Every structure is written in structure tokens, then in C-alpha cells.
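First the structure, in the form of C-alpha cells, and then the observations on it.
Every number in this text was worked out from the coordinates using simple rules, so none of it is lab data. Bear in mind that the values here come from a model prediction, so they are computed numbers and not experimental data. Cβ coordinates were reconstructed from backbone atoms using ideal geometry, including for glycine residues, and neighbour counts include every protein chain displayed.
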Amino acid sequence: MSSIVRQPLKVTIPHMGNYVIAFKALIEGLGCEMVMPPPITRRTIELGSRHSPEFVCLPFKINLGNYIEALDSGAQVLLQAGRAGACRYGYYGEVQELILKDLGYDFRMVCLFSGGKQFDFISSIRSLANGVPILRILRASYLAFLKIKFIDEMESRVRKLRAYEIDKGKSDRLLQDSLKKLSCVRSARGISLLRKETRKKFDTVRTDDGARPVRIGIVGELYVVMEPHANLDVERKLGRMGVEVIRPMSLSSLLRYAVFPFLSRRISREGRDFIRYELGAHAAHSIGHTVEFAHTGVDGVIHLYPFTCMPEVSSRAILGNVARTLNIPVLHFSFSEQTGEAGVDTRLEAFVDMLERKRTFRTDFRPQTKTTTDSRLTFEV
Amino acid sequence: MKTFLGIDVGSISTNLAIVNEQKSVVDKLYLRTEGNPITAIQQGLLQLERVEISGVGTTGSARRLAGVVAGADVVKTEIIAHAVAAQHFVPDVRTIIEIGGQDSKIIILREGVVVDFAMNSICAAGCGAFLDHQANRLRIPIQDFGCLALNSKHEVNIAGRCTVFAESDMIHKQQMGHCREDIVSGLCSAIVRNYLNNVGKGKEINAPIVFQGGVAANAGVRRAFEKELGAEIIVPEHFAVMGAIGAAILALENNPAKTGFKGFDVADKSFLTSSFVCDDCPNLCEIIVIKEEGKITARWGSRCGKWNV
């Protein structure tokens with residue numbers, strides 16, 4: 001007697017940086033089939049914007065574009081993180097479900113944190129993994145976690161290497177290579193081997209050890225910070241100009257904060273001289289990290305957020321105060337689907353030029369600028 | 001004595017300047033870009049004094065293109081170029097107001113170093129192009145536009161938030177029977193208010209203040225700034241070509257061993273630009289190709305870097 005073979009569920013999740021690789025491991029580990037949303041392109045953003053409310057934030061629009069393209073390639077279940085209480089992000093899943101249903105798509109939306117609690121995702125995941133033993137679910141989650149950590153480690157390495165490498169673009173190529181391999185690895189041991197291999201490869205990248213690159217910290221709204229298509233690839237552009245980029249925001253750090261909320265509060269507390277309460281989402285972190293950067297001799301800060309993002313618009317005003325008080329230059333960018341690349345490029349270039357000149361002139365004329373309030377900038381060089 | 005060339009190609013004007021080692025201006029030129037930056041650069045090179053050039057710097061929104069055409073040694077943004085030039089003429093400058101054809105910026109300097117800047121992000125209200133358009137509409141030569149404002153006795157209030165609203169408000173005031181002087185004066189104040197509320201928002205504007213860019217020629221706007229800021233506004237002698245002077249000074253600072261300058265004969269060469277859409281992926285990037293005498297000298301515009309030369 002032949003049993004009916006159940007077709008695996010076809011599940012998709014929107015892009016965010018390279019993390020879709022990790023989510024693929026989770027989804028496949030649950031016995032579902034992963035439908036990779038096609039890479040984000042102009043078409044994705046146009047599709048998403050066309051069907052979104054005009055003044056909703058950019059992440060919503062790109063997510064929606066990802067969903068539409070994934071549904072067109074056969075997805076049945078859409079995953080959305082979403083946590084109520086943070087900002088509009090808490091309602092992404094519900095609103096996107098309504099819009100897509102109105103468009104006539106047939107699917108199921110699963111919001112991982114629908115109840116607004118850290119551990120809600122376990123029940124959400126179980127609803128996907130019908131009958132899959134809990135141990136397998138845990139194993140899949142662990143594997144996904146390891147992949148997230150892998151991605152964050154290597155990306156952060158590349159952010160630094162870009163400024164020092166002699167053969168420009170080498171570290172980016174290595175990263176792409178190892179990420180391709182990562183998406184095929186299916187065991188913790190495999191990841192650990194790949195990590196060793198990748199680290200070794202990064203060690204062989206020839207670097208200019210005499211280089212004293214400008215260092216820029218990146219803060220802001222999580223999606224726009226982590227998705228290069230949303231921020232017009234700011235990190236790589238800076239890297240190409242020979243800037244070392246420091247980005248505290250990553251999925252690993254967000255997971256860490258979710259499990260240990262006191263770590264998150266610790267960063268917000270860094271900015272206590274400027275703001276003493278949460279602004280929603282990670283806006284207090286933008287301020288906390290900027291204060292931290294000012295005290296650790298980072299040359300400048302770039303603040304990225306989606307146009308109409310309430311929490312970050314609030315932090316923008318406060319960051320102006322931080323910049324003046326602590327003497328650290330902050331450049332703000334708000335992104336929408338209309339953002340022109342030329343304007344962003346010019347401002348980035350001018351910002352980097354400014355920081356470079358600031359350094360050289362401050363060291364050259366050190367005796368004359370003894371009274372300068374930001375001596376921090378001189379000993380950094 | 002060594003001389004250095006600076007080229008600033010903006011949306012409305014193309015400026016060239018030659019400076020010597022003492023950073024004094026040997027020759028300068030202010031041309032209209034008229035939508036054709038390459039021809040403007042070639043025209044400029046034809047008209048400039050033919051001295052030996054030891055370095056070239058380009059700036060402005062077409063800095064890359066200009067860099068390819070002239071063979072630049074340094075390509076820098078307008079922010080740095082304007083700051084460097086202003087500092088040369090007013091060494092202790094702390095604020096630079098720059099209003100050009102289609103953009104405006106503020107640059108804050110402290111102890112001789114640029115510490116902050118902002119550029120207009122949303123709209124071009126208050127820029128040269130708008131003033132030009134209004135002068136044209138009122139049939140007042142642009143040179144006299146600002147002086148007219150100085151004759152005003154009772155300035156009218158113009159909504160300056162947006163060029164479209166400003167224009168309809170100006171027409172409204174004119175139909176109500178206000179005289180031209182008062183309307184033009186009101187426009188100058190609206191532009192200054194708009195600038196300070198947009199570009200200058202949140203910036204500490206301290207004297208000495210230098211006002212440069214094409215709009216600095218406008219006496220009405222100058223007076224409106226002085227009134228609003230309560231400080232003296234310094235307009236440097238070469239206010240219209242400060243970007244080009246800055247680019248030339250940057251070339252001097254860079255002092256290349258051998259300049260990439262292609263010579264004044266570039267004016268006779270044929271430069272052709274063309275573009276195509278790369279449809280290898282849905283990004284559909286527009287690729288720009290620049291051909292010098294039929295040979296591809298530069299190509300850019302792709303996100304992935306595929307076509308770059």
C-alpha cells in the first residue's frame with residue numbers, strides 16, 4: 001500500500017543582506033522547500049512601491065516586492081518577522097497580507113513574532129513544521145544561527161579589509177565565494193570547516209599595513225543599514241574610497257539583544273546624556289553608538305534611515321546635538337524608492353574628503369590648534 | 001612659474017580658472033553649460049590664456065566627465081573645492097554660503113578645517129536657475145535683478161517654500177498691484193529664508209561668512225542675508241568661479257610630477273558620448289560611453305561595475 005507523499009510547503013522570506021542563506025537552512029530543516037525570492041532589482045522595488053501606501057517606509061515596499069516576485073515563482077507561505085510595539089514594522093505582516101490578498105494571491109502569511117514576545121517564533125515555526133520532531137526544529141534553528149554568525153563575522157572582516165587590501169575588490173570576491181559555499185553546507189561541522197577555510201583565505205589577502213584609513217561608523221534603521229539595495233550600497237562605496245567601515249548593527253547582535261535585553265539597554269544608556277528613554281525600534285541605539293564612536297576616535301558617523309521612519313527621524317534631531325557636543329561629524333541619509341544615486345555619491349565623497357583633510361590638517365598644524373576641543377582627532381592619527 | 005588649471009562644471013555654468021604657485025588668479029572664465037558640458041569645457045579651453053599647465057583639478061556635478069575630457073590630476077567634490085578657495089581669500093572663514101545654478105550648500109569651518117556641510121536635498125527653490133527664470137519672466141536683465149530689490153520701500157511677503165508656490169505668489173502680488181521692486185525684494189528675502197530653513201537648518205552660522213556662487217552677484221539676496229543673519233557678508237572678488245579656483249588650488253596642493261592634462265588642443269578633438277541600457281539583469285543600468293576621437297576613453301554607470309573602463 002503506497003502512502004500519499006505530501007508535497008513540501010513552499011516557503012519564502014524577504015531578502016535582507018545575505019541572511020536569506022541562513023533562513024534557507026532553517027526552512028529546509030523544517031522539511032519545507034525554500035523559494036528564493038529573486039535578487040532585489042529595480043523591478044522589485046518598483047513592484048513593491050506600486051502596491052504599497054505611498055508614505056510607508058522603504059523596507060515595507062522592498063519586502064512586498066520580494067513577496068510578489070516569490071509568489072510568482074511559486075511560494076505558498078510567506079514569512080515575516082515583525083514585532084508589535086517597535087514601530088510600523090510590527091504591522092508589516094498584517095498589512096502586506098491584506099495587500100497581497102487583494103491582488104488575488106493565494107498564500108499563508110506567518111509572522112514569526114506575532115505576539116510581540118521573543119519566544120513566539122517557536123510556535124510559529126512549529127505551525128510550519130507539521131509533525132517534524134522538535135529536535136529537528138532545534139537543529140535547524142541552530143544551523144541557521146551558525147550561518148548568521150558566519151555571515152556577520154565575514155562581512156565585518158570585509159568591511160575592514162576593503163580599506164587595506166592592495167588588490168581592490170579581492171575581499172569582496174572571497175566573501176561571495178564563501179557565501180556560495182555556505183548556502184550548500186548542511187551541518188555545524190561543515191560550517192566550522194568553511195569558517196576555518198575562509199579565515200585562512202582572508203589572511204592571505206595582501207594588505208597595505210601602512211594605510212591609515214578614515215574610519216566611519218554606520219548607525220540607523222536596521223533594514224536600510226543591512227540591505228545594500230536599500231542604501232545604494234553605501235558600505236561598498238565607502239570601501240572603494242578606502243574607508244574602514246564599522247557597523248555595530250547585525251542580525252547576530254539583534255538576536256543577542258532579543259535574548260539578553262540588558263545588552264540592548266546598555267547601548268541605549270551610552271546616550272543617556274542626550275536621551276533617557278526609548279524612541280522606538282533602534283533609534284536609541286543610533287544615539288548610543290554615535291556617542292561610543294565619538295569616544296573611541298572614529299572619524300565620522302553616517303546615519304541611514306528610510307524616509308518617513310518615525311524613530312530615526314526623532315534620533316536624527318538628537319544626533320545633531322550629539323555631533324555638536326562631542327565634535328563628531330554625522331552625515332544623514334534618508335532613503336526612499338526615489339533616492340537619486342548621484343546625490344548620495346556626491347555627499348559621501350565630500351564627507352570622506354572632509355574627514356581626510358581634517359586629519360591631515362590637524363596633524364600638520366598641531367601646534368597651532370593646541371586649544372582645539374577635539375584633541376581626540378589628533379591622537380587617533 | 002608653475003600654473004594650475006581648475007575646471008568647475010555645474011548644471012548652469014562652467015567655470016575655469018588658472019592660478020599660479022602663489023594661488024593668485026592668472027585667468028578666469030565663466031561660461032554657460034547650456035546642457036552640453038563637453039562643448040562648454042572645450043569652449044573654455046579655447047578662450048583661456050595659453051600658459052603651461054602643471055596640474056588640473058575638476059569639480060562640480062560633471063567633475064568626472066570633465067576629468068576625462070581635460071585629463072585631470074585631481075577630481076574633488078564642490079564642497080572641498082569651495083572651501084579651499086574661500087579659505088584662500090578669507091583665511092579665518094567660518095561659514096560659507098554657496099548658491100549656484102541648481103544647488104545650494106552651506107559649509108562650516110572651524111580653525112581652518114571643514115567640519116560640517118549640507119546640500120539642498122529636496123528642491124532647488126532659491127537657486128540661480130529660479131532667479132534666472134523669474135528675471136526672464138519680469139523682463140529684467142538678471143544683472144539688474146538684485147539692484148532693483150535695493151530700491152524697494154515696502155517689501156512684500158513671498159511664499160518661498162517651493163518655486164511653484166513662489167511663482168504663483170509673485171503673480172498674485174503683482175496682480176494685486178504691488179510694484180516690481182517690492183516683489184523682487186520679497187523674493188530675495190524668501191530665498192534667504194528658504195535657504196536658512198532648509199540647507200542651513202541646525203547649523204551654527206558664525207562670522208566671518210563668505211557668500212559665493214553665481215547668486216552672490218545679486219545685491220538683493222546679499223542684503224537679505226545680512227539682515228537675517230545680522231552679520232557682515234563677505235563676497236569675494238571671484239565669487240562666481242570659486243569652485244574652479246578651488247579645483248586649481250587642489251591641483252596645486254597635489255602637485256603631480258607629470259600632469260595628465262591633455263593640452264589646450266582638446267578643444268579641437270571630437271568627444272562623443274553615448275549611452276545604452278544594459279539588460280543583463282532587471283536593474284537596467286544606463287551605461288555612459290565616452291569616445292575621444294572614436295576611441296573609448298571612459299565608460300561608467302553600471303551598479304555591478306561590469307562595463308567600467
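Structural remarks
- Chain B: Cα Rg divided by the 2.2 N^0.38 Å rule of thumb: 1.06
- Chain A: most fluctuating residue of A:G17, A:G343, A:G82 per GNM, C-alpha cutoff 10 Å: A:G343
- Counting only GluC sites (Glu not before Pro) that DSSP places in a loop and that have at most 14 other Cβ atoms within 10 Å, the longest clean stretch of chain B runs over B:53-203.
- Loop-resident trypsin sites (Lys or Arg not before Pro) (DSSP state other than H, G, I, E or B) in region B:53-144 with no more than 10 further Cβ atoms inside 10 Å of their Cβ: B:R139.
- Partner chain coverage, peptide B:102-115 - average Cβ within 10 angstrom: 4
- The distance linking region B:217-234 with region A:304-339 is 30 Å (Cα centroid to Cα centroid, whole angstrom).
- The mean count of C-beta atoms from other chains within 10 Å of the C-beta of residues in A:343-353, rounded to a whole number, is 5.
- Its Cα centre serving as origin, region A:182-254 has a Cβ charge dipole (Lys and Arg +1, Asp and Glu -1) of approximately 400 debye.
- Dipole of chain B, positive end: most advanced residue of B:V51, B:I41, B:Q143 [Cβ charges, Cα centre]: B:I41
- Taking every alpha-carbon pair in region A:70-159 and binning the separations at 10 Å intervals from zero gives 15, 34, 37, 14, 1 percent.
- Per residue of peptide B:279-285, the mean number of Cβ atoms on other chains within 10 Å of the residue Cβ is 4.
- Across region A:19-28, coupling constants 3J(HN,Hα) worked out from phi with the 6.51/-1.76/1.60 Karplus curve, θ = phi - 60°, read 5, 4, 4, 5, 5, 4, 4, 5, 5, 5 Hz, and Gly and Pro carry x.
- Charged side chains reduced to their Cβ positions (Lys and Arg at +1, Asp and Glu at -1) give region A:149-208 a dipole of some 220 debye around its Cα centre.
- Cα gyration tensor shape for region B:1-149, rounded if a/c is under 1.5, else prolate or oblate: oblate
- Compactness of region A:10-132 as Cα Rg over 2.2 N^0.38 Å, two decimals: 0.99
- Under a model in which nothing but the beta-carbon of Lys, Arg (+1) and Asp, Glu (-1) is charged, the protein assembly as shown shows a dipole of about 2480 debye around its Cα centre.
- Stokes-Einstein D in µm²/s, Kirkwood radius over Cα pairs - region B:91-235 at 10 °C with 1.306 mPa s viscosity: 104 µm²/s
- In region A:254-354, a dipole from Cβ-located charges (positive for Lys and Arg, negative for Asp and Glu) runs towards its positive end, and of A:F333, A:P311, A:A258 it is A:A258 whose Cα lies farthest in that direction.
- Qualifying chymotrypsin sites (Phe, Trp or Tyr not before Pro) for region A:110-172 [loop in DSSP, other Cβ within 10 Å: at most 11]: A:F119
- Residue (of B:I290, B:C179, B:I12) at the positive-pole extreme of chain B, dipole from beta-carbon charges: B:I290
- Estimated vicinal HN-Hα couplings, Hz - region A:13-18 in sequence order (Karplus 6.51, -1.76, 1.60; Gly, Pro = x): 9, x, 5, 8, x, 9
- Counting beta carbons within 10 Å around each of B:T33, A:T204, A:T308 and listing the fewest first gives the order A:T204, A:T308, B:T33.
- Overall form of region A:149-208 per C-alpha gyration tensor (a/c, 1.5; a/b vs b/c): prolate
- Rounded if a/c under 1.5, otherwise prolate or oblate - chain A, Cα gyration tensor axes: prolate
- Rg/Rg_ref, the protein assembly as shown, where Rg_ref = 2.2 N^0.38 Å and atoms are Cα: 1.06
- In this structure, the amide hydrogen of B:S104, modeled 1.01 Å from its nitrogen in the peptide plane, lies closer than 5 angstrom to those of B:N120, counting only residues at least 5 positions away or on a different chain.
- Restricting region A:230-281 to chymotrypsin sites (Phe, Trp or Tyr not before Pro) in coil, as DSSP defines it, with at most 15 other Cβ within 10 Å: A:Y277
- Per residue, chain B reaches -10500 deg cm²/dmol at 222 nm when only DSSP H runs of four or more residues are counted, each adding -39500 (n - 2.57).
- For the protein assembly as shown, share of DSSP beta bridges that run antiparallel, in % to the nearest 5: 50 percent
- Calculated from backbone phi, Karplus (6.51, -1.76, 1.60) coupling profile of region A:126-131 in Hz, x at Gly/Pro: 5, 5, 7, 8, 5, x
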